[in-house]
């Protein structure tokens, strides 16, 4: 894995497409472009806005274009094989976008995407949070991304990653390097006991991080009225421009679920905030979340210095002085 340098890593660009996802390295669309996001185009209720109550799931339609997809041949079942990352501010409010498991594009839709045209497809938006959430047409909801397991760093590279200072914390206290039964590596990140709560029984319109943060309050377990809450890691994670992270869907011990917004973008440089549903039991002395690392030549895009995605002033964490 490349060491820290003062030069930004250049991505590899291809003029041809890969034949399928197995051949395509891990990929994300440019998080700095609003056009990378999947947008709400139909509320299915004939109105320009939609409110989703706590615990409810609503059927909507989103727009998809070929530049929001990895560089592979378009097939009818392609969308069902890709992953979805809900926008951070929405995920932290409890909203998560998913695609129907049986989604299959029609021949007409497949041809349209192959010719760089937009199509509309059904999607599901679920509210796991305590507040009623309001969405408007053209709201940016999520991004599509692709993970190729062949790109996952092994134990040697993961160890080197931490030794080079990409994880700021004390090994054995804030993070631990581990391996699965198949030998694949991960970094277990300690979760702080401090929780962040949203108000219950309130309608919120969240479209940015400031919208979210002005409604959050810090607290401790047992002081909230709903199982949804936010926590964060005690370590700061710094990802280079050609490495993305993927978080596990459960905490360890598995007393609570980490809800499905697991992508950590290249250029990340802060404590990782987690959307959690359930209780971290008082008897548990520490909870951990697993982070796997994936290196790819297609990770051209970094969220570093993107004020619309991340502003140090919003969460009080200063960025690194080094350029990775």
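The values are calculated or read from the model by the stated rules, or taken from the named source; none is laboratory data. Remember, predicted model here, so these are calculated numbers, not experimental data. No Cβ is skipped: glycine too gets one built from the backbone with ideal geometry, and neighbour counts run over all protein chains shown.
Pick from 59, 90: which is crowded, with 21+ Cβ neighbours inside 10 Å and modelled with pLDDT of 95 or more?
Details: 59 fails: crowded, with 21+ Cβ neighbours inside 10 Å.
Matching residue, one of 59, 90: 90.
Which residues, taken from the stretch 157-187, are touching a strand residue (DSSP E or B) at 6+ places or on another chain (Cβ under 8 Å) and part of a helix (DSSP H, G or I)?
157, 158, 159, 161, 162
Identify all residues within the stretch 7-22 that are at pLDDT 85 or above and exposed (fewer than 12 other Cβ atoms within 10 Å of the Cβ); write none if there are none.
Listed by number, the residues that qualify are 19, 22.
Of the residues 230, 204, 198, 212, which is within 17 Å of residue 251 (Cβ to Cβ) and in contact (Cβ under 8 Å) with a residue 60 or more places away in the chain? Give the steps one after another, and end with the answer.
On the way: 204 fails: within 17 Å of residue 251 (Cβ to Cβ); 198 fails: within 17 Å of residue 251 (Cβ to Cβ); 212 fails: within 17 Å of residue 251 (Cβ to Cβ).
Being within 17 Å of residue 251 (Cβ to Cβ) and in contact (Cβ under 8 Å) with a residue 60 or more places away in the chain holds for just one of 230, 204, 198, 212, which is 230.
Find the residue count for the stretch 77-117, including only residues that are over 19 Å from residue 130 (Cβ atoms) and assigned to a helix (DSSP H, G or I).
12
What residue, of 69, 38, 50, 79, is more than 15 Å from residue 139 (Cβ to Cβ) and modelled with pLDDT of 95 or more? Give the derivation first.
Working: 69 fails: modelled with pLDDT of 95 or more; 38 fails: more than 15 Å from residue 139 (Cβ to Cβ); 50 fails: more than 15 Å from residue 139 (Cβ to Cβ).
The match here is 79.
So residue 163 ticks every box in (1) over 24 Å from residue 279 (Cα atoms); (2) over 22 Å from the mean Cα position of the chain (by Cα); (3) at pLDDT 95 or above but one. Which box is left unticked?
The single condition residue 163 does not satisfy is (3).
Assess whether residue 182 counts as being surrounded by fewer than 19 Cβ atoms within 10 Å (Cβ to Cβ) and out of contact with any helix residue (DSSP H, G or I) (no Cβ under 9 Å at 6 or more places or on another chain). Spell out the reasoning first.
Numbers: surrounded by fewer than 19 Cβ atoms within 10 Å (Cβ to Cβ): yes; out of contact with any helix residue (DSSP H, G or I) (no Cβ under 9 Å at 6 or more places or on another chain): yes.
Yes; evaluated as a whole, the condition is true for this residue.
For residue 140, which of the numbered conditions (1) touching a helix residue (DSSP H, G or I) at 6+ places or on another chain (Cβ under 8 Å); (2) modelled with pLDDT of 95 or more; (3) in the same structural domain as residue 201 (by TED's automatic domain parsing) fails to hold?
(3)
Considering only residues that are in a loop (DSSP other than H, G, I, E, B) and in contact with a strand residue (DSSP E or B) (Cβ under 9 Å, 6 or more places away or on another chain), which ones fall in the stretch 240-253? First the steps, then the outcome.
The initial filter retains those residues of the stretch 240-253 that are in a loop (DSSP other than H, G, I, E, B), namely 240-242, 248-249, 251, 253.
Passing the criteria: 240, 242, 248, 249, 251, 253.
Quick check on this structure: which one of 70, 34 is within 19 Å of the chain's Cα centre (by Cα) and crowded, with 18+ Cβ neighbours inside 10 Å?
70
Scan the stretch 37-54 for residues that are touching a residue at least 12 places away in the same chain (Cβ under 8 Å) and over 16 Å from residue 207 (Cα atoms) and report the count.
Of the stretch 37-54, the ones touching a residue at least 12 places away in the same chain (Cβ under 8 Å) are 37-44, 48-54.
The next check asks that each one be over 16 Å from residue 207 (Cα atoms); those that pass are 42-44, 53-54.
So the count comes out to 5.
Residues 272, 280: which one is in contact with a strand residue (DSSP E or B) (Cβ under 7 Å, 6 or more places away or on another chain), at pLDDT below 75 and outside the structural domain of residue 91 (by TED's automatic domain parsing)? I'd like the intermediate steps shown before the answer.
On the way: 272 fails: at pLDDT below 75.
Of the residues listed, the single one that is in contact with a strand residue (DSSP E or B) (Cβ under 7 Å, 6 or more places away or on another chain), at pLDDT below 75 and outside the structural domain of residue 91 (by TED's automatic domain parsing) is 280.
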